[in-house]
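Below you'll find the structure, written out as structure tokens, and then a few comments.
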Amino acid sequence: MNFPSIISEAARSLGANKLRTGLTMLGMVIGVAAVVLMLAVGTGAQNQVNRAVSSMGSNLLVILSGSTSAGTIRMGSGNAPTLTTGDAEAIAKLPNVQAVAPTFPGGGQVAYGISNWGTQVLGVTPEYTSVRDWPVESGEPIGETDIRSATRVALLGATVVEKLFDTEDPVGKTIRIRGQPFQVVGVLKRKGQSLDGRDQDDSVLVPITTAQSKLFGNRFPGTVRFMFVQAVSQEATSAAENDIVLLLRQRHRIQPDADDDFTVRNLTQAAEAASATARILSLMLGAIGSISLVVGGIGIMNIMLVSVTERTREIGIRMAIGARQRDVLVQFLLEALMICIVGGLVGIAIGVAGAFAVGRFMQIEVAFSAWVMLVAFAVSAATGIFFGFWPARRAAALKPVEALRYE
Amino acid sequence: MAGRFIEVEHLGKVYEAAAPGTPAALQGVSLGIDQGEFVAVMGPSGSGKSTFMNVVGLLDSPTSGAYRLNGKDVSGLTTDELAHVRNRVFGFVFQGFNLLKRISAAENVALPMVYSGAPGAERRRRSLELLAKVGLAPYADAMPNRLSGGQQQRVAIARALANHPQLILADEPTGNLDTQTSMEIMDFFTALNRETGVTILLVTHENDIAQYAGRLIRFKDGHVVHDGPVAHEKAAE
């Protein structure tokens, strides 16, 4: 028996019983589609969390200034003018500290031409973009000279660019912030949502000195509301935290029994918690994916076992009229192979389409991995081929008379 | 003794799965069959006639004794060689027809040629020729379940003839058919035996059917109890 006629014999046999072929293929389709869909949704969710985590910047501490009290009313962190640019410079010299980004935030209306938009305006130093891992996409960053001279320059977040400019390149244009003209020197790369869902791109960055002296009138020159501190490494964040507390207590001349007039928060912990959540999520989805694969595999196994065992008599007839064992095995192997390849491809297509539909419908991100598809395909195909082949082999090993007697 | 087409000596067969105490299905059967003979094998059920047929057809193997086909001992043949003999030398016709249900009559007839490696066009040509010979030319592309029992059996006979066999093994070929159809089938076998000289080994339990053969072998309890020319009862009446 030559190879082309074995292939056509297998194809004829599959075409001759469309219901059986369809059902067997369905097992394969469902197994593969379930895994691809499940993991596409899972990986998408994990990516979303990971991006939010990394958008914060890495190894970060935040120092907030202390609270003020007006009589018995305590105003909360960040209201007292206890942190200064001097503190920032001193912290920057600590051994565990990589960089410090003192920040002076405010809000205001920004305008260009006939468009205007209310947004967050952050007074920052050149370190801010590197500490927050927020690169300038086009144009120039804020430089040291801008800080020294308190120039009216601005970096725009992607959302602000969208609100103020249609198709124009914002770099070099003059916008107004709280009525004052600022030159746009650059545009920041899109950063996406923060962990708590705020749109981080809805921000304008200006030199901190400009914010302090020109934009938001300040009764206490040189003070900042909060600063981001980047530790040299993940391990150094706790040590950096202790060093900063000691240094600031010393600089602020706080008595040993008095409370701090500032607060240090370790953002790494928050990031770790979020990463751990994402990791658990992905493990869980991996587990669900594996279960789908096993369940799909069992489905494929069952239908293959039943449909091939049921054909024992057919195998007997074929052997009686001269099929060799090898002819029978190759035919059943090819049939299983064809079912698995077509079923697997259809399963991947349905899984991908389904994931897109779910993503669209539920407004969540989905991510596909060729690796997942390959594994789902390979495992299901291996199951299908094995359980299509093995009962055929058992039947072909019988004497023809025994196979013929099978009802 | 060399030169006989089929020769069995002291053939014995014991089924492994048989209940203890059951007598062996074949107990030392020795006989020979020559080319061109039309042999009917008769006997009550359990007499060993079907077992004898399966052993001769190489669908089953004996537990003892020798079986020479064209002077060659078949006990040393590999399963592939056995398949080759079944494919080229034998043609089978079963009581239950044993057609593949999901493929057409012509494709069923062509099946032995698939395994002998004939090209597709040749298979089609020969299967149509054979179907015409059994009177089923208009039904070439019909599915077996659309055909009557007699028509299905004729498809099975056409299939048995596909590779120009030397021996047709027919196990109760008329067992599922009415008298009229049975006679048509038997007339066809007789003509085939006379015209082409193909050897026919026919198992039956009906005297009327055995009448068509030239030689009658009777089995009982695994033994041959009668072997001789068919006594034509019709003539005796």
Zone reached by a paramagnetic label modelled 7 Å from B:ASP187 Cα along Cα→Cβ, restricted to region B:147-161 with backbone N below 11 Å, covers none
I'd like to check one number: the per residue accessible area of chain A, probe 1.4 Å, reported in Å² as a whole number. 47
Residues listed by number, region A:8-33, amide nitrogen under 13 Å from A:ILE341 label point at 7 Å toward C-beta: A:8, A:10-11
Amide H within-cut-off set for A:GLY123, under 5 Å, with H built and near neighbours excluded: A:PHE104, A:GLY106, A:VAL206
Label-point separation (nm) for A:ASP199 and B:ASP227, each offset 7 Å from Cα along Cα-to-Cβ? 10.1
Accessible surface of region A:17-158, 1.4 Å probe, proportion on carbon and sulfur as whole %: 57
Considering Cα pairs under 8 angstrom that are at least six residues apart, work out the relative contact order of region A:81-260 and quote it in whole percent. 32
For region B:140-226, what does the accessible surface come to per residue with a 1.4 Å probe? Please give it in Å². 41
Any of A:LYS191/A:LYS214; B:LYS13/B:LYS220; B:LYS49/B:LYS220; A:LYS93/A:LYS189; A:LYS18/B:LYS101 with alpha carbons more than 19 Å apart? Name them for me. A:LYS191/A:LYS214; A:LYS93/A:LYS189
Once ligands and nucleic acids are excluded and a 1.4 Å probe is used, how much of B:LEU192 is accessible, expressed in Å² to the nearest 10? 10
For the A:GLU144, A:SER369 Cβ pair and Förster radius 56 Å, calculated FRET efficiency rounded to 0.05 is 0.80
Can you give the accessible area buried between chains B and A, summed over both chains, with a 1.4 Å probe, in Å² to the nearest 100? 2300
For region B:100-133, which residues drop by 50 square angstrom or more in accessible area between the chain on its own and all protein chains together (1.4 Å probe)? B:LEU100, B:ARG102, B:VAL114, B:TYR115
Whole-Hz couplings from phi, Karplus 6.51/-1.76/1.60, listed for region A:278-295; x for Gly and Pro: 4, 5, 4, 4, 6, 5, 5, 5, x, 5, 4, x, 5, 5, 4, 5, 5, 4
Between the helical axis of B:79-88 and the dominant principal axis of chain B, each derived from Cα atoms, what acute angle in degrees is found, rounded to the nearest 10? 60
Which angle from 0 to 90°, rounded to the nearest 10, does the C-alpha axis of helix A:18-55 make with the longest principal axis of chain A? 10
In whole percent, how big is the carbon plus sulfur part of the accessible area of chain B, probe 1.4 Å, protein atoms only? 52
Just which residues of region A:312-338 lose 40 Å² or more accessible area with every protein chain there, against their chain alone, with the probe set to 1.4 Å? A:ILE317, A:ARG318, A:ALA320, A:ILE321, A:GLY322, A:ARG324
Residues of region A:364-407 with accessible area at least 40 Å² lower in the all-protein-chain context than alone (1.4 Å probe)? A:LYS399, A:PRO400, A:VAL401, A:LEU404
Expressed in square angstrom to the nearest 10, the accessible area of A:ARG178 with a 1.4 Å probe stands at 120
For chain B, calculate the relative contact order in percent as a whole number, restricting contacts to Cα pairs under 8 Å that are 6 or more residues apart. 29
Table column - 3J(HN,Hα) (Hz), region B:95-101, Karplus curve with 6.51, -1.76, 1.60, x for Gly and Pro: 4, x, 6, 6, 8, 7, 5
Given a cut-off of under 8 Å on Cα pairs at least six residues apart, what relative contact order in percent is computed for chain A? 30
Please list A:THR159, B:THR179 from largest to smallest accessible area, probe radius 1.4 Å, with all protein chains kept in place. B:THR179, A:THR159
May I ask you to evaluate 6.51 cos²θ - 1.76 cosθ + 1.60, the Karplus curve with θ = phi - 60°, for each residue of region B:174-189 and list the ³J(HN,Hα) values in order in whole Hz, giving x for glycine and proline? 10, x, 9, 10, 6, 4, 4, 5, 4, 5, 4, 5, 5, 4, 5, 4
The helix A:325-362 Cα axis meets the longest alpha-carbon principal axis of chain A at an angle in degrees, between 0 and 90 and rounded to 10, of 30
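The values are calculated or read from the model by the stated rules, or taken from the named source; none is laboratory data. Remember, predicted model here, so these are calculated numbers, not experimental data. Cβ coordinates were reconstructed from backbone atoms using ideal geometry, including for glycine residues, and neighbour counts include every protein chain displayed. Ligands, DNA and RNA are stripped out before the accessible areas are found, and what is left, the full protein with its side chains, is counted by its heavy atoms. Shrake-Rupley method; radii C 1.70, N 1.55, O 1.52, S 1.80 Å.
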